[in-house]
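Here is the structure we will look at, set down as structure tokens.
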Amino acid sequence: MAGAGKRHLTRWTVVNVLVVAYALFPVWWIVSLSFKDPSTLTDGNFIPTKWTWENYRGIFQTSEFTRALVNSIGIALIATFIAVVLGTMAAYAVARLRFPGKRLLIGLSLLIAMFPPISLVSPLFNIERVLGIFDTWPGLILPYMTFSLPLAIYTLSAFFREIPWDLEKAAKVDGATPAQAFRLVIAPLAAPGVFTTAILVFIFCWNDFLFAISLTSTEAARTVPAAIAFFTGSSQFQQPTGSIAAAATVITVPIIVFVLLFQRRIVAGLTSGAVKG
Amino acid sequence: MRRTGTEEGARAAAAGAKAPAEAGRLSEGARQERRLGWLLCAPAVLVMVAVTAYPIGYAVYLSLQRYDLRFPDQAEFVGLSNYGAVLSSPFWWEAFWVTLFITVVSVTVELVLGMALALVMHRTIVGRGTVRTAILVPYGIVTVVAAFSWQYAWTPDTGYLAALLPEGDAPLTEQWPALGLIILAEVWKTTPFMALLLLAGLALVPEETLRAAMVDGAGAWQRFWRVTLPLMKPAILVALLFRTLDAFRVFDSIFILTAGAHGTGSVSILGYDNLFTALNLGIGSAISVLVFVCVAVIAFVFVRLFGAAAPGSEQGGR
């Protein structure tokens, strides 16, 4: 019996190690490339034989990357903030209030969750040029917050349905209006759900590539994923491999740290919206 | 299990709370509630309509024009001829079949792998947290970054994976191997998401039912096919619907891995190229509209034929 249990344990350990390796090895590969010396960049080794910070020094000396990093962070943060605020309002109404048109709202956000971004690229490209927001921050914030709104509404309404609503009733009995009950009682309780949603929305905005290359043309608003696709290398005699790997690592590591820190919340958030249905 | 319990409780409490209120001073409270509901939803609805409905209408309008960005003055109404041009073009059909192929293969592989991963996470006794954390990494990583990693891995002279291939093989420059690698990149990136959705579905399968089946003599395999899978059907369908629509939009991985060369371009790549390389807004918009129609058909098939419950429909019914 003990032997069987031990074999069982070994088998699971092997399976788990395989799963972890599967998840991590492309990440390790790009990190390892970023630390390779130009002379060993093409040796195909899984672990750098000559470690160097050269690639990182290179990308941080060019505005091409630093500007893109500022754009990425700024655009994703603002889009996340707006999407979460609007999403919180709508999700509260969906989870809590009775009003005609709720089905319509849910249908609309479902429609947008399924919307192919390429269908929006050509009209938005033209509209944004006319409005003068092509190649600006608002030009990217608009589509980002729109496409993350359905995610925000679903996740938040799933969280909101688990809040002890008796407290709201109590507040109303004490004479609070529905708006006051929302602001003073429910909002603080909802904070963890809101935070989780913000992480998911941020990852979504951070990840976008299609809008980022379509609706920008210069460094003014180009985000990191778009910028690294157009990298030319820190000097013209160099393949940009090292720079791309370094830039890729810079935008990956913070997200991974974030994901590891908040993994429980993220799993809850990712699954709450979809499975309840 | 526990969460549904509290949810039911909360709902029952809410229903109980509502009943007397409705019997009493219904009109004022109800009207206030209704107005607040609309007020709270209005901004989100406005943004969603302004940024999607209006542009898609505009895309339909543009698709009926001959509109070359190099000669914007010569724009004129040409009816459906852009659609005719796209639908009679071999490029569209190649892109369409490529997209469909990538979608079907990657979603199938993801479902099988995702189910396996979900079962591992559900049943494992050691390191459950580690596994769950690790598989979130592909979800969190930027698609473009992952695609670059794969590209370097498969490029001869640079990559450790290309080194495993026979000398002179450059898989990214041949159609079928390149498609395979695109699918691999997609599968790697999105299987964890699938697995998490399925894991949540697995958690809803009651342990007692499985034990009862075991007592009745059902083997592990039988229990999985006859008990677990049918009970998970709603979760599976939702996961499939989401992933299918997502896979049909595939763009990032292809753009980085092959840029659509060697017959690997998806419909999204084709639309992008027509817009930004050929600068043809009319044709590009026609492709945009056609992709939209494809996605609508896929969603319709899932919801109507397979009966996938749209997420959120439950709270909509209230």
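Output the number of the condition that residue A:8 fails; it satisfies all remaining conditions of (1) surrounded by fewer than 18 Cβ atoms within 10 Å (Cβ to Cβ); (2) touching a Ser or Thr at 6+ places or on another chain (Cβ under 7 Å); (3) without any contact (Cβ under 8 Å) to a residue 12 or more places away in the chain; (4) within 11 Å of chain B (Cβ to nearest Cβ). Condition (2) is where residue A:8 drops out. Scanning the stretch B:42-60 for residues that are surrounded by fewer than 12 Cβ atoms within 10 Å (Cβ to Cβ) and closer than 14 Å to residue A:127 by Cβ turns up just one, B:57. Of the residues making up the stretch B:61-108, those that are surrounded by 16 or more Cβ atoms within 10 Å (Cβ to Cβ) and more than 19 Å from residue B:287 (Cα to Cα) are B:105, B:106, B:107. One residue stands out among those in the stretch A:200-218 that are within 9 Å of chain B (Cβ to nearest Cβ) and part of a loop (DSSP other than H, G, I, E, B): the one that is farthest from residue A:268 (Cα to Cα), which is A:209. Residues of the stretch A:89-122 that are crowded, with 23+ Cβ neighbours inside 10 Å and β-branched (Val, Ile, Thr): A:94, A:106, A:118, A:121. Among the residues making up the stretch B:160-186, those that are farther than 18 Å from residue A:23 by Cα and either outside any helix (DSSP H, G or I) or acidic (Asp, Glu) (or both) are B:165, B:166, B:167, B:168, B:169, B:170, B:174.
Consider residue B:126 carefully, then state whether it is closer than 30 Å to residue A:253 by Cβ, within 12 Å of another protein chain (Cβ to nearest Cβ) and not in a helix (DSSP H, G or I). Against the criterion (closer than 30 Å to residue A:253 by Cβ, within 12 Å of another protein chain (Cβ to nearest Cβ) and not in a helix (DSSP H, G or I)), residue B:126 qualifies. Close contacts from the stretch A:12-39, counting a first residue that is polar (S, T, N, Q) and a second that is modelled with pLDDT of 85 or more, with Cβ to Cβ under 7 Å and a gap of 6+ residues or different chains, come to A:34/A:245; A:34/A:246; A:34/A:249. For the stretch B:130-157, a residue qualifies if it is surrounded by fewer than 20 Cβ atoms within 10 Å (Cβ to Cβ) and part of a loop (DSSP other than H, G, I, E, B), and the qualifying residues are B:155, B:156, B:157. Going through (1) touching a Leu at 6+ places or on another chain (Cβ under 7 Å); (2) at the interface with chain A (Cβ under 9 Å from one of its Cβ atoms) one by one, residue B:272 falls short only on (1). In summary, helices (runs of 4 or more DSSP H) completely within the stretch A:71-187 and bearing 2 or more residues that are among the basic types (Lys, Arg) and within 7 Å of another protein chain (Cβ to nearest Cβ) occur at A:102-113. Only one of the numbered conditions (1) more than 14 Å from residue A:214 (Cα to Cα); (2) among the aliphatic types (A, V, I, L, M); (3) over 16 Å from the mean Cα position of the chain (by Cα) is violated by residue A:151, and that is (3). Where helices (runs of 4 or more DSSP H) fall wholly inside the stretch B:190-275, the ranges with 2 or more residues that are closer than 28 Å to residue B:149 by Cα are B:229-248, B:252-257. Specify the residue that is modelled with the lowest pLDDT; the eligible residues are those in the stretch A:38-62 that are of a type in the set (Val, Ile, Thr) and surrounded by 14 or more Cβ atoms within 10 Å (Cβ to Cβ). Among residues in the stretch A:38-62 that are of a type in the set (Val, Ile, Thr) and surrounded by 14 or more Cβ atoms within 10 Å (Cβ to Cβ), the one modelled with the lowest pLDDT is A:42. Exactly one residue among B:233, B:189 is surrounded by fewer than 22 Cβ atoms within 10 Å (Cβ to Cβ) and at pLDDT 80 or above, and that residue is B:233.
The values are calculated or read from the model by the stated rules, or taken from the named source; none is laboratory data. This is a predicted model, so every value here is computed, not measured. Using ideal geometry, Cβ is built from the backbone for each residue, glycine included, and neighbour counts are taken over all protein chains shown.
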